[in-house]
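Report on the following structure.
The values are calculated or read from the model by the stated rules, or taken from the named source; none is laboratory data. Remember, predicted model here, so these are calculated numbers, not experimental data. Reconstructed Cβ throughout: ideal geometry from the backbone, glycine too, with neighbour counts over all protein chains shown.
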Amino acid sequence: MITAEIKRKIRKLKKFEVTVRSQNNIENDIPMVWDKFFDLRETGKSAALYSLSQISRMNRDEYKAVIDEFFARVYYEIYIHNGITDASIYDSALLEKLGLPPVANETDVKKKFRELAKKHHPDTGGDAEKFIQLMNVYRKL
């Protein structure tokens with residue numbers, strides 16, 4: 001994609017989030033998901049997950065996955081703000097620690113947990129500290 005086109009599309013996502021936040025009465029003191037996700041400056045030196053240069057190198061499927069993750073996080077923040085709780089909605093930050101997408105289900109979580117538990121369990125030569133962190137994330141989920 002052309003850089004100017006990418007910037008335009010990503011800015012539309014910011015407008016979308018602003019609109020959704022205002023419709024759901026989300027205060028301005030709660031950080032925007034967009035700010036955590038995207039950095040459109042040419043330097044790309046920020047804490048954002050995706051810089052302009054990273055996005056420009058993505059293929060269509062990778063780009064779509066980023067956008068899907070963005071939408072999931074925006075709506076997750078709205079659910080949290082409005083007190084909507086559902087056993088099928090997981091904290092996307094915790095899912096990210098497991099290397100799972102925000103739309104992962106219970107089966108995905110269990111499968112990934114077992115895979116990582118085998119890898120990090122001290123009895124199989126893994127790191128005990130990483131295993132403890134893994135257990136804490138799994139319990140929270």
| task | With the condition kept exactly as written, say whether any residue in segment 49-59 is at pLDDT 85 or above, surrounded by 14 or more Cβ atoms within 10 Å (Cβ to Cβ), among the basic types (K, R) and over 30 Å from E106 (Cα atoms). | result | no
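Matching residues to (1) farther than 30 Å from A4 by Cβ; (2) in contact with a Gly (Cβ under 7 Å, 6 or more places away or on another chain); (3) surrounded by 12 or more Cβ atoms within 10 Å (Cβ to Cβ); (4) free of Cβ contacts under 8 Å to residues at least 24 places away in the same chain:
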{"position": "K64", "(1), (2), (3), (4)": "no, no, no, yes"}
{"position": "R73", "(1), (2), (3), (4)": "no, no, yes, no"}
{"position": "D123", "(1), (2), (3), (4)": "yes, no, no, yes"}
{"position": "V137", "(1), (2), (3), (4)": "yes, no, yes, no"}
| Could you count how many residues in segment 26-38 are charged (D, E, K, R) and either in contact with a Phe, Trp or Tyr (Cβ under 7 Å, 6 or more places away or on another chain) or modelled with pLDDT under 85 (or both)? | 2
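Could you tell me which of the residues R114, R73 is of a type in the set (K, R) and either outside the structural domain of F38 (by TED's automatic domain parsing) or over 23 Å from L49 (Cα atoms) (or both)? Talk me through it step by step, then tell me what you get.
On the way: R73 fails: either outside the structural domain of F38 (by TED's automatic domain parsing) or over 23 Å from L49 (Cα atoms) (or both).
Unique residue meeting the criteria: R114.
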| query | If you take the residues in segment 9-48 that are surrounded by fewer than 18 Cβ atoms within 10 Å (Cβ to Cβ) and touching a strand residue (DSSP E or B) at 6+ places or on another chain (Cβ under 7 Å), which one is nearest to A93 (Cα to Cα)? | reply | A48
| query | Got a number for residues in segment 82-121 being hydrophobic (A, V, I, L, M, F, W, C), in a loop (DSSP other than H, G, I, E, B) and either surrounded by fewer than 11 Cβ atoms within 10 Å (Cβ to Cβ) or at pLDDT 80 or above (or both)? | reply | 3
| request: Please indicate, with yes or no, whether at least one residue in segment 65-77 is closer than 22 Å to Y90 by Cβ, in contact with a strand residue (DSSP E or B) (Cβ under 9 Å, 6 or more places away or on another chain), modelled with pLDDT of 80 or more and assigned to a helix (DSSP H, G or I). | output: yes
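Go through segment 125-134 and give me each residue that's out of contact with any helix residue (DSSP H, G or I) (no Cβ under 7 Å at 6 or more places or on another chain) and surrounded by 15 or more Cβ atoms within 10 Å (Cβ to Cβ). Steps first, answer last, please.
Quick first cut of segment 125-134, residues out of contact with any helix residue (DSSP H, G or I) (no Cβ under 7 Å at 6 or more places or on another chain) only: 125, 129, 132-133.
Across segment 125-134, there are no qualifying residues.
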| note | Expected single match for over 27 Å from V137 (Cα atoms) and hydrophobic (A, V, I, L, M, F, W, C) among I84, I55, I30 is I55
